[in-house]
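Worksheet: the structure to be examined is printed underneath.
Just so it is clear, none of the values below were taken in a lab; they were calculated from the coordinates. In this text the structure is predicted, and so the values were computed from the model without any measurement. Positions of Cβ are backbone-derived with ideal geometry, glycine not excepted, and every protein chain shown enters the neighbour counts.
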Amino acid sequence: MNEESPTYGNASAFNRRTFLIASTACAVGAAGYSLTSARELNQHYVPVVPRLPFDESLRVAFCTRRIGSVDIFYREVGPRNGPTILLLHGFPSASHMFRNLFPLLATRYHLIAPDLPGFGNSRPLSADDYTYSYENIVNTMADFISALKLDKLSIYGFDYGCSIAFKLAMMYPDKVNTLIGQNGNLYKEGLGASLSPWQAYWESPTAHNREVCATSLLPENIRKQHYGADTESGQLPPDGYNLDNYYLSLPRARDIQLDLIRDYKNLLTDYPTVQKYLSDKRPPLLIIWGRHDTFFSLFGVEAYVRNMPHSEVRLLDTGRFVLETHARETAGFIRDFMDRSLVADATYTSPIRVKNDLFFDARKE
């Protein structure tokens, strides 16, 4: 046995040497194959083009801030040291309606677009924590302005958001330096034909009238009444109204909107107070209007021109959601208006009175 041990040991040593040699040969062969493969791949390699410089001001932040009993979702973009514009959407949309405007203004302005309570992604902590009225929404947005420490700002308001913007300006006359109203009515004569069922509900808030108003929340009517009025074929993207319809399909969304439709009657009673404020204080005011709006008509625009000669009016040949089809033109109006409004001494230069052949005789000289 003692004589056999060296033989076993030599065999083990031989096997180890054989294994090491074989392993080395395999590794070298694999490396050679890898090098060959790499050379072959290099023949098909396309150099990566360096990334274009990215303007950080165009990076949108998606944020949530708890205001009272509501988690307010908002989008924020643009330089924080630039002039701030608070963008308030209206019915039946949310902050996504400003998506086309962001890249056109964000290099110069600090833009903040919240979803109003009950719209989009802004929801109360529980279903019973919030009463949906315009007074409550105004107060929530006032607290939102305070929470974000916005000391100076302009406000762009669309539809409902325009009435909320005017009320906020009255609450914060030293903070709000300019106002932009987009298809936001302030006169009873501006109430359009599509609001007839709503007016019946205001006068008689019965269950029947509520259900009649509910037809305006149907997907086909969101597309036709709110987005599609006389817009050119092929120019209206589906993203906005499809997302609106999704949000309207969420639990309680239908009842929230119907509660706000009923409460709009209280905004009507505030019309004279807001009119007086705008006439007396004369804040810089730009009115942008899609002339084919069937909810708020051009008679309301004529009333702005007649009663607020300091205001500027820009009409667009489209429906009420002007940013879906005319974001570039709207951004141009805003830049021009802001450049003349936010001068060094914070005074407002004389508005440019522009004749507009889209608007019957509202621009009488």
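3J(HN,Hα) along the stretch 58-65: 8, 7, 7, 9, 10, 10, 9, 10 Hz, from the Karplus curve 6.51 cos²θ - 1.76 cosθ + 1.60 with θ = phi - 60°, whole Hz, x for Gly and Pro. Amide H contacts for Gln182 (H built 1.01 Å from N in the peptide plane; partners 5 or more residues away or on another chain; cut-off under 5 Å): Gly157, Phe158, Asp159, Ile288.
Net charge within 13 Å of Tyr277 by Cβ-Cβ distance, Lys/Arg positive one each and Asp/Glu negative one each, not counting Tyr277 itself?
Working: positive: Lys167, Lys276, Lys281, Arg282; negative: Asp270, Asp280.
Within the 13 Å Cβ shell, the charges total +2.
Extending 7 Å from Cα along the Cβ direction at Asp128 and again at Lys149 yields two label points whose distance is 3.7 nm.
Would you mind putting 64-77, 112-125, 197-210 in packing order, based on average other-beta-carbon counts within 10 Å, highest first?
On the way: 64-77: 18.5, 112-125: 23.6, 197-210: 14.6.
My ranking of the peptides, most packed first, is 112-125, 64-77, 197-210.
What is the order of Asp129, Asp280, Asp293, fewest Cβ neighbours within 10 Å to most? Please list the in-between numbers first.
On the way: Asp129 11, Asp280 7, Asp293 26.
Lowest to highest Cβ neighbour count: Asp280, Asp129, Asp293.
For the residue pairs Lys152/Lys224; Lys224/Lys276; Lys188/Lys224, the alpha carbons lie more than 31 Å apart in Lys152/Lys224; Lys224/Lys276.
Show me the ranking of peptides 297-304, 141-148 by mean Cβ neighbours inside 10 Å, starting with the highest. Before the final figure, lay out each step's value.
Working: 297-304: 20.8, 141-148: 18.1.
Most protected by this proxy first, the peptides run 297-304, 141-148.
Put in order of Cβ neighbour count within 10 Å, fewest first, the listed residues Cys213, Cys162 become Cys213, Cys162.
Mean 1/r over all different Cα pairs, inverted: what Kirkwood radius does the stretch 221-283 give, in Å? If you can, show how the numbers build up before the last one.
Details: mean 1/r = 0.0678 Å⁻¹.
After inverting the mean inverse Cα-Cα distance, the result is 14.8 Å.
Which Cα, out of Leu267, Pro283, Phe296, lies furthest along the positive dipole direction of the stretch 257-299 (beta carbon charges, K/R +1, D/E -1)? About the Cα centre, the residue reaching furthest to the positive side is Pro283.
Counting other C-beta atoms within 10 Å, which of Tyr271, Tyr132, Tyr109 has the fewest, and how do the rest follow? Don't jump to the answer; show the numbers that get you there.
Numbers: Tyr271 16, Tyr132 20, Tyr109 24.
Arranged by neighbour count, lowest to highest, Tyr271, Tyr132, Tyr109 become Tyr271, Tyr132, Tyr109.
The stretch 97-166: which trypsin sites (Lys or Arg not before Pro) are DSSP loop and have at most 11 other beta-carbon atoms within 10 angstrom?
Numbers: sites: Arg99, Arg108, Lys149, Lys152; in loops: Arg99, Arg108, Lys149, Lys152.
Counting only loop positions with at most 11 other Cβ atoms within 10 Å, the trypsin sites (Lys or Arg not before Pro) in the stretch 97-166 are Lys149.
Spatial offset of the stretch 272-313 relative to the stretch 120-156 amounts to 24 Å, using the alpha carbon center of each.
Phi-derived couplings, Karplus 6.51 cos²θ - 1.76 cosθ + 1.60 at θ = phi - 60°, listed residue by residue for the stretch 204-215: 9, x, 8, 4, 4, 5, 5, 5, 5, 5, 5, 5 Hz, with x used for Gly and Pro.
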